[in-house]
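K.L.:
One structure, pasted below without further comment.
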C-alpha cells in the first residue's frame, strides 16, 4: 500500500464517510411537483401512433391467416 500524506488521509476518510452514508439507499432524489409526475412520458400523438401500428398489424395478420 502506498504511503499517504495527512492531507490524502483526511480526504479519503471524508470520501469514505460519504460513500458509507449513501451506500444502502443511494443519494436522495429531489422531489418533483405533483403535476410533473402525472404527465405520461410520451405524448398522446405517439401513443396513438403506436396503438395504430400494433392493432393494425394484428388485424392484418389475422386477415392473412383467414384468407
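K.L.:
Given the DSSP H assignment, sum -39500 (n - 2.57) over each helix run of at least 4 residues in the chain and divide by its residue total; what's the result at 222 nm in deg cm²/dmol, nearest 500?
P.N.:
-22500 deg cm²/dmol
K.L.:
I've got another one for you. If you fit an axis through the alpha-carbon atoms of helix 44-66 and take the longest principal axis of the Cα set of the chain, what angle between them do you get, 0 to 90°, nearest 10?
P.N.:
That helix lies at roughly 50 degrees to the long axis.
K.L.:
Next up: On average over all directions, what projected area in square nanometres does the chain have, based on the convex hull of its Cα atoms?
P.N.:
Answer in nm², one decimal: 11.5.
None of the figures in this text is laboratory data; all of them are computed from the coordinates on show. Just so you know, these numbers come straight off a predicted model, no measurement behind them.
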